[in-house]
Amino acid sequence: MSDSILVIGGGIAGINCAMNAAKYGAKVYLIDDTPSIGGMMARLDKTFPTNDCSICIEAPQMYEVDNHENIEILTNTEVRKVKKANGAFKVKLVKKALYVDEEKCTGCGACVEACPVSIPDEMDGKIGGMRKLVSMAFPQAVPNVVSVDPRCRFGEMREAGACIGGCAVDCSQCRECPIALCVKACEKEGKKAITLWQSNRNLNLEVKSIVVATGIKDAPPAGDLLGYNVYENVITNTQFERLMNAGGPTAGHIIRPSDQKHAKKIAWVQCAGRGLGDGKGTPYCSKICCMISAKQTIITKEHDESTETTVFYNDLKAYGKGFWDFYRKALENGVRYVRARPYEVVEDPRTRNLTLRYEDLESGEVHRQEVELLVLATGVIPNERNKRLAKVLKIELDELGYFKERDPLLAPLETRVDGIYLCGGATGPIDIAESVAQATAASMKAVSEFGTRKAQIGKSV
């Protein structure tokens with residue numbers, strides 16, 4: 001359909017962009033290169049500055065998108081080629097194999113229970129999170145289906161104990177697997193949804209406009225920054241977020257990775273790794289980290305008000321509505337803020353506690369503080385797919401790796417290619433509220449490509 005929109009990225013920005021465009025009568029294709037929509041927000045515990053449950057906000061929107069007659073969701077899908085002709089974009093997509101029939105899978109979890117191999121979860125590994133080689137992205141995933149790890153499907157996990165990989169016949173040539181435990185478990189449930197012979201599919205679309213909503217990701221600590229790759233009890237703020245989450249690996253208990261004991265002395269280091277040079281760390285302020293840490297300290301105090309919480313910072317970024325009051329709330333709850341520059345962390349091998357040495361920027365003196373858990377606010381970086389996607393779409397990236405707007409003042413959220421728009425983390429570090437606002441604006445720009453007819457339809461919706 002030429003009167004349709006392609007939204008690239010299924011996070012909170014992409015979801016809201018798709019919903020708004022669909023309400024105006026547009027056919028929307030919402031794609032994401034992971035097995036579920038939801039993005040980073042789906043893995044968070046709370047949102048600032050209200051501390052509302054993150055998934056409680058997003059899950060109903062994910063359900064609405066999944067059930068909207070004008071929206072088609074394509075997960076595990078990548079854009080491979082885009083060509084503009086006659087005012088429309090001809091798009092070639094590749095839907096990567098999940099090795100699961102999405103029409104038959106009901107998310108019952110029988111295959112997950114039968115899988116004999118658990119591996120560290122990509123996001124939660126350091127804090128104890130594990131997943132099976134057959135897994136679901138998270139409990140509220142949309143679509144609510146499992147996927148098989150490609151490394152398992154192609155026999156790369158045989159040494160780890162995987163049941164797949166020892167057969168002399170490739171799965172693509174055999175559709176009656178006698179070996180895979182996940183296949184047997186699924187068949188026992190009467191579904192036959194595990195399809196190890198599944199292959200990638202090419203899809204061709206024609207759309208009038210494209211919205212890029214690729215989002216952001218947390219920046220990994222640069223090397224052994226403040227003991228991150230040396231000591232177990234040094235974690236990132238994203239990993240701490242998962243500790244707080246009732247749906248996370250610790251069921252919401254704020255415990256230390258080293259010994260599973262509840263941490264009573266916790267410190268946060270703001271701007272961790274910022275400005276290290278030589279391509280290490282983030283060279284810019286990520287804008288949202290100060291409020292993330294404030295949120296985490298407040299929630300930590302709600303878990304246990306006796307917990308000692310300290311935030312080491314250089315400058316405080318409280319740029320949005322209610323953000324300064326949110327910071328004040330942290331202070332009122334007993335959070336200690338120290339304007340300082342931490343530079344060394346040493347672990348006590350007996351207690352596994354950490355001693356943090358820092359320069360107090362107010363007095364110039366050097367101090368030490370012992371903590372049981374250290375949280376690094378490392379900032380956010382562009383999605384790794386931006387570079388390849390920019391080449392495919394023939395649009396520009398800025399020097400930081402985010403997509404470049406044609407003119408932030410006169411043509412916001414527009415690119416140099418007419419009909420391609422941006423929103424959310426595709427443009428730079430951004431919070432959830434801003435992402436939603438940009439998504440609404442980008443969807444209206446995309447719908448405007450259809451002319452006044454769609455706008456008239458929207459008035460009657």
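Residue check: Ala272 meets all listed conditions (1) surrounded by 23 or more Cβ atoms within 10 Å (Cβ to Cβ); (2) assigned to a loop (DSSP other than H, G, I, E, B); (3) without any contact (Cβ under 8 Å) to a residue 60 or more places away in the chain but one, namely (3). Looking only at region 139-155, decide whether some residue is more than 22 Å from the chain's Cα centre (by Cα) and assigned to a loop (DSSP other than H, G, I, E, B). Within region 139-155, one or more residues are more than 22 Å from the chain's Cα centre (by Cα) and assigned to a loop (DSSP other than H, G, I, E, B).
Consider Lys317 carefully, then state whether it is outside the structural domain of Phe48 (by TED's automatic domain parsing) and touching a residue at least 40 places away in the same chain (Cβ under 8 Å). No; evaluated as a whole, the condition is false for this residue.
Is it true that Ile292 is aliphatic (A, V, I, L, M), crowded, with 18+ Cβ neighbours inside 10 Å and under 18 Å from Ile430 (Cα atoms)? Spelling it out, Ile292 is indeed aliphatic (A, V, I, L, M), crowded, with 18+ Cβ neighbours inside 10 Å and under 18 Å from Ile430 (Cα atoms). Inside region 161-188, residues that are part of a loop (DSSP other than H, G, I, E, B), exposed (fewer than 15 other Cβ atoms within 10 Å of the Cβ) and not aliphatic (A, V, I, L, M) make up a count of 7. Kindly check whether there is at least one residue in region 189-199 that is under 27 Å from the mean Cα position of the chain (by Cα) and exposed (fewer than 14 other Cβ atoms within 10 Å of the Cβ). Within region 189-199, one or more residues are under 27 Å from the mean Cα position of the chain (by Cα) and exposed (fewer than 14 other Cβ atoms within 10 Å of the Cβ). Filtered by the rule that a residue be within 15 Å of Leu354 (Cβ to Cβ) and of a type in the set (Gly, Ala, Ser), region 220-269 gives Gly227, Ser258, Ala263, Ala267. Kindly check whether there is at least one residue in region 159-179 that is within 25 Å of the chain's Cα centre (by Cα) and acidic (Asp, Glu). Within region 159-179, none of the residues are within 25 Å of the chain's Cα centre (by Cα) and acidic (Asp, Glu).
Pairing residues of region 279-308 that are modelled with pLDDT of 95 or more with residues that are in a helix (DSSP H, G or I) and of a type outside the set (Gly, Ala, Ser), at Cβ distances under 6 Å and at least 6 apart in sequence or on separate chains, gives Met291/Phe323; Ile292/Asn237; Ala294/Phe326; Ala294/Tyr327; Gln296/Phe240; Ile299/Met244; Thr307/Thr300.
Please work out which residue is farthest from the chain's Cα centre (by Cα), limiting yourself to region 85-112 and to residues that are in a strand (DSSP E or B) and modelled with pLDDT under 95. Out of the qualifying residues, it is Ala85.
The values are calculated or read from the model by the stated rules, or taken from the named source; none is laboratory data. Bear in mind that the values here come from a model prediction, so they are computed numbers and not experimental data. Quick reminder, even Gly has a Cβ in these numbers, built from the backbone with ideal geometry, and neighbours come from all protein chains shown.
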